[in-house]
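S.K.: One structure is given below, represented as structure tokens, and several questions about it will come after.
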Amino acid sequence: MSLAINHLLGLQNVSKNDIQLILDTAVTFREVLDRPIKKVPTLKGTTVVNLFYENSTRTRLSFELAEKRLSADTLNFSTSTSSTKKGETFKDTVRNIEAMKIDMIIVRHKSAGVPLYLTKISNASIINAGDGQHEHPTQALLDMYSIREKLGKLKGLKICIVGDIRHSRVALSNIYGLKTMGAEVSVCAPPTMIPKNLETFGVKVYTDIHKATRENDVLNVLRIQLERNAGSSIPSLREYHNYFGITSEVIEKNNKDILILHPGPINRGVEMSSEVADGPYQIILDQVTNGVAIRMAVLYLLGTKN
């Protein structure tokens, strides 16, 4: 089987079959990560450029490691040391990189739509590693993989995304992907952090974290994005934690079977307490490991299409 898509720009229009294929392929690569020699020659001779215009730790390292595990040649682009500091345009930067005969581009950018724009000026396969407040598809895929690995399914599960929905590209990709795979998706946040048009996505909205915890199987807890001025949407971080923070008390009072996810980095004492972040309900570090497997699967499936 092969993917119907040639690029991974988001999950909005990705079919159930394609998502299923990525998740199933990741199972094999997850097994590779447990071997003594964690490397396969699958993409030997393929050149991948990591084009990151925004700061990143987990996503960038995860992609770099996935590329190396597949034996691809990797180039890392840094804006701080590039010709963009000399006035070179984004278009010229990409065309100069492509002239070096590269095959795939992983791109993260503060502006929504940049991955789509890349498909129009480049012949490389494009993978979106996060564009503005639009989408972050591989994060949603690794979240779905982690949930399925732990609970055995996605279809029929009740999954609530908690936190800064308004500024989150992770939330949007999760909504698209989870609904495609048959999950019941909801969100829980202060009204100021919920987009006005969210009901058009067919998701339930909670403003009570206790009720959200009681009525769902999974809580996917998002970071408060202070760099996108999310702090202006709430009176204070302490008040947010008091009303929407995930604590041991919230879990034990409402649902001891709940599964907790977080894409990281965690603001301890804001989105969740340290007891929850390090406790038995969460699979946060599993998500990090699974992220390498998911990105290996996406790179492999797109890199071997032609």
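The values are calculated or read from the model by the stated rules, or taken from the named source; none is laboratory data. These figures come from a predicted structure and were not determined experimentally. Note that each Cβ is placed from the backbone with ideal geometry, even for glycine, and that neighbours are counted across all protein chains shown.
S.K.: I'm checking my understanding of the structure. Among residues of the stretch 250-270 that are modelled with pLDDT under 95 and part of a loop (DSSP other than H, G, I, E, B), which one is nearest to Arg169 (Cα to Cα)?
M.R.: So the first thing to find is which residues in the stretch 250-270 are modelled with pLDDT under 95, and the list is 263-270.
The next check asks that each one be part of a loop (DSSP other than H, G, I, E, B); those that pass are 263-267, 269-270.
On the way: Pro263: 11, Gly264: 13, Pro265: 14, Ile266: 16, Asn267: 18, Gly269: 23, Val270: 19 Å.
Going through the qualifying residues, I end up with Pro263.
S.K.: With the structure loaded, tell me whether Thr138 is crowded, with 24+ Cβ neighbours inside 10 Å and among the hydroxyl-bearing types (Ser, Thr, Tyr) or whether it fails that test.
M.R.: Numbers: crowded, with 24+ Cβ neighbours inside 10 Å: yes; among the hydroxyl-bearing types (Ser, Thr, Tyr): yes.
Judged against the criteria, Thr138 is a match.
S.K.: I need a count of the residues in the stretch 270-300 that are buried (at least 24 other Cβ atoms within 10 Å of the Cβ) and without any contact (Cβ under 8 Å) to a residue 40 or more places away in the chain.
M.R.: Of the residues in that region, 1 qualify.
Let's see how each residue does on (1) modelled with pLDDT of 95 or more; (2) surrounded by 12 or more Cβ atoms within 10 Å (Cβ to Cβ); (3) small (Gly, Ala, Ser):
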site: Leu43; (1), (2), (3): yes, yes, no
site: Glu54; (1), (2), (3): no, yes, no
site: Arg58; (1), (2), (3): no, yes, no
site: Leu65; (1), (2), (3): yes, yes, no
site: Ser78; (1), (2), (3): no, no, yes
site: Ser82; (1), (2), (3): no, yes, yes
site: Lys85; (1), (2), (3): no, no, no
site: Thr89; (1), (2), (3): no, no, no
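S.K.: A further question follows. Could you check the stretch 98-111 and list, in sequence order, the residues that are farther than 22 Å from Ala66 by Cα and touching a residue at least 40 places away in the same chain (Cβ under 8 Å)?
M.R.: Lys110
S.K.: Any chance you could count how many residues in the stretch 1-56 are assigned to a helix (DSSP H, G or I), β-branched (Val, Ile, Thr) and more than 16 Å from Glu135 (Cβ to Cβ)? Don't jump to the end; show me each part of the working.
M.R.: First, pick out the residues of the stretch 1-56 that are assigned to a helix (DSSP H, G or I): 16-32.
If we keep only those that are β-branched (Val, Ile, Thr) as well, we get 19, 22, 25, 27-28, 32.
Pick out the ones that are also more than 16 Å from Glu135 (Cβ to Cβ) and you get 25, 27-28, 32.
Residues in the stretch 1-56 being assigned to a helix (DSSP H, G or I), β-branched (Val, Ile, Thr) and more than 16 Å from Glu135 (Cβ to Cβ): 4 in total.
S.K.: Need at least 1 residues that are outside the structural domain of Val48 (by TED's automatic domain parsing) and of a type outside the set (Asp, Glu) per element, so show me which helices (runs of 4 or more DSSP H) inside the stretch 97-213 make the cut, counting only ones lying wholly within it.
M.R.: On the way: elements: 114-121, 137-151, 169-180.
Hits in the stretch 97-213: 137-151, 169-180.
S.K.: What residue, of Gly152, Gly182, Gly202, is of a type outside the set (Lys, Arg) and touching a helix residue (DSSP H, G or I) at 6+ places or on another chain (Cβ under 7 Å)?
M.R.: Working: Gly152 fails: touching a helix residue (DSSP H, G or I) at 6+ places or on another chain (Cβ under 7 Å); Gly182 fails: touching a helix residue (DSSP H, G or I) at 6+ places or on another chain (Cβ under 7 Å).
Matching residue, one of Gly152, Gly182, Gly202: Gly202.
S.K.: Looking at Thr59, Thr93, which is the one that is assigned to a helix (DSSP H, G or I), hydroxyl-bearing (Ser, Thr, Tyr) and under 23 Å from Ser168 (Cα atoms)? Steps first, answer last, please.
M.R.: Details: Thr93 fails: under 23 Å from Ser168 (Cα atoms).
Result: Thr59 is the single residue among Thr59, Thr93 that is assigned to a helix (DSSP H, G or I), hydroxyl-bearing (Ser, Thr, Tyr) and under 23 Å from Ser168 (Cα atoms).
S.K.: Moving on. What tally of residues in the stretch 174-204 results from selecting those that are surrounded by fewer than 16 Cβ atoms within 10 Å (Cβ to Cβ) and either in contact with a Cys (Cβ under 9 Å, 6 or more places away or on another chain) or not small (Gly, Ala, Ser) (or both)?
M.R.: Initially, the stretch 174-204 is screened for residues surrounded by fewer than 16 Cβ atoms within 10 Å (Cβ to Cβ), giving 182, 191-192, 196-197, 199-202.
Next, from what is left, pick out any that are either in contact with a Cys (Cβ under 9 Å, 6 or more places away or on another chain) or not small (Gly, Ala, Ser) (or both): 191-192, 196-197, 199-201.
Counting residues in the stretch 174-204 that are surrounded by fewer than 16 Cβ atoms within 10 Å (Cβ to Cβ) and either in contact with a Cys (Cβ under 9 Å, 6 or more places away or on another chain) or not small (Gly, Ala, Ser) (or both) gives 7.
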